[in-house]
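A.B. asks: The following block contains the structure, expressed as structure tokens.
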Amino acid sequence: MTDTIGTDALVDWITRFREAVTEKREWLTELDSAIGDADHGANMARGMSAVSEKLGAGAPGTVDELLKSVGMTLVSSVGGASGPLYGTFFLRMGMTAGAVTELDAAGLAAALRAGLEGIVARGKAESGDKTMFDAMSPAVDALDAAIAEGDDLPTAARKAADAAAAGRDATEPLVARKGRASYLGERSAGHLDPGAASTTLLFETLAAAISGSS
Ligand code: ADP
Ligand code: MG
């Protein structure tokens, strides 16, 4: 357990995220069948297995190479809205991280913040629109707050994952204002947002990779 995250741990994060979306594929699809077109599980599983294949060809040496490769693969392999959104997230993370081999807590927080801003630049989501933003924004805020309070990186990442889960759960009563679910209007209320659910897996797996838990 250290207070930095290196390329190996980032690869571990990506691998864990692929495993999580593959394992929860049916649940993500079920959520998307209620308020979308029932493809979020398939989109995420397909995108992340394409990422794994790419990484299997030899993991890039620097954080920016790794994250940019993940982002570009997602953009090119996922047809749904989530591909370009998650793709932009990883691309912006990589651009902000730069050509380094590890990130300290502040560096990781800055990269994640840039990723979130990339999603906003692309999809224009705001708080309460019932999207992945509603899980990601509180997670990034919680990470910043924990680091400012002096928490170590594993503790801060755990708090970020908990904040993502709370944000995901809070999407249930909301009426969607962005994406396919917004076509349903009031009928979108009463269901969790699928993208907020996958984003929670993103932060859960980040916390697990950072703490090195199995
Ligand atoms: P599609 O909607 O094209 O079928 P997916 O089902 O894979 O794509 O992803 C749907 C998820 O994408 C939604 O649950 C929501 O979280 C997210 N999403 C859709 N539009 C936006 C947007 N404009 N900004 C942020 N997230 C969005
Ligand atoms: Mg869909």
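A.B. asks: Any chance you could count how many residues in segment 49-108 are open to solvent by less than 60 Å² (accessible area, probe 1.4 Å) and touching a strand residue (DSSP E or B) at 6+ places or on another chain (Cβ under 7 Å)?
C.D. replies: Matching residues across segment 49-108 total 4.
A.B. asks: Can you tell me which residue within segment 36-57, out of those that are within 11 Å of ligand 1 (Cβ to nearest atom) and assigned to a helix (DSSP H, G or I), is farthest from residue 25 (Cα to Cα)? It would help to see each step written out before you state the result.
C.D. replies: Pass one, segment 36-57, residues within 11 Å of ligand 1 (Cβ to nearest atom): 36-47.
Going one step further and asking which of them are assigned to a helix (DSSP H, G or I), we end up with 40-47.
Numbers: 40: 8, 41: 4, 42: 6, 43: 9, 44: 8, 45: 7, 46: 10, 47: 12 Å.
Top of the filtered list is 47.
A.B. asks: Just one of (1) open to solvent by 50 Å² or more (accessible area, probe 1.4 Å); (2) more than 20 Å from residue 117 (Cα to Cα); (3) in contact with an Asp or Glu (Cβ under 7 Å, 6 or more places away or on another chain); (4) within 16 Å of ligand 2 (Cβ to nearest atom) trips up residue 152, so point out which.
C.D. replies: The failed condition is (4).
A.B. asks: Is it the case that segment 63-81 has a residue that's in contact with an Asp or Glu (Cβ under 9 Å, 6 or more places away or on another chain), of a type in the set (Gly, Ala, Ser) and within 20 Å of residue 191 (Cα to Cα)? If you could, list the steps in order and put the result at the bottom.
C.D. replies: Residues of segment 63-81 that are in contact with an Asp or Glu (Cβ under 9 Å, 6 or more places away or on another chain), as a first pass: 63, 73, 79-80.
Add one more test, that the residue is of a type in the set (Gly, Ala, Ser), and what stays is 79-80.
Checking the rest, the ones that are also within 20 Å of residue 191 (Cα to Cα) come to 80.
Yes, there is a match, as at least one residue in segment 63-81 is in contact with an Asp or Glu (Cβ under 9 Å, 6 or more places away or on another chain), of a type in the set (Gly, Ala, Ser) and within 20 Å of residue 191 (Cα to Cα).
A.B. asks: Under the condition of being within 16 Å of ligand 2 (Cβ to nearest atom) and hydroxyl-bearing (Ser, Thr, Tyr), which residue from segment 6-39 is least open to solvent (accessible area, probe 1.4 Å)?
C.D. replies: Residues of segment 6-39 that are within 16 Å of ligand 2 (Cβ to nearest atom), as a first pass: 21, 24-39.
In the following step, the residues that additionally are hydroxyl-bearing (Ser, Thr, Tyr) were identified as 29, 33.
Details: 29: 38, 33: 68 Å².
Filtering first and then ranking leaves 29.
A.B. asks: Checking residue 166 against (1) farther than 30 Å from residue 11 by Cα; (2) assigned to a helix (DSSP H, G or I); (3) hydrophobic (A, V, I, L, M, F, W, C); (4) open to solvent by 20 Å² or more (accessible area, probe 1.4 Å), which test does it fail?
C.D. replies: (1)
A.B. asks: For segment 169-204, how many residues meet the condition of being touching a Pro at 6+ places or on another chain (Cβ under 6 Å) and either in a helix (DSSP H, G or I) or open to solvent by 70 Å² or more (accessible area, probe 1.4 Å) (or both)? Walk me through it before giving the result.
C.D. replies: In the first step, residues of segment 169-204 are kept if they are touching a Pro at 6+ places or on another chain (Cβ under 6 Å); the result is 189.
Then drop every residue that is not either in a helix (DSSP H, G or I) or open to solvent by 70 Å² or more (accessible area, probe 1.4 Å) (or both), which leaves none.
Counting residues in segment 169-204 that are touching a Pro at 6+ places or on another chain (Cβ under 6 Å) and either in a helix (DSSP H, G or I) or open to solvent by 70 Å² or more (accessible area, probe 1.4 Å) (or both) gives 0.
A.B. asks: Determine which single condition residue 99 fails, assuming it passes every other condition in (1) in a helix (DSSP H, G or I); (2) out of contact with any Leu (no Cβ under 7 Å at 6 or more places or on another chain).
C.D. replies: Answer for residue 99: the failing condition is (1).
The values are calculated or read from the model by the stated rules, or taken from the named source; none is laboratory data. Everything numeric in this text was worked out from a predicted model, so none of it was measured. Note: ideal-geometry Cβ built from the backbone for every residue, glycine included; neighbour counts use all protein chains shown. Side chains included, ligands, DNA and RNA excluded: accessible areas come from the protein's heavy atoms. Shrake-Rupley method; radii C 1.70, N 1.55, O 1.52, S 1.80 Å.
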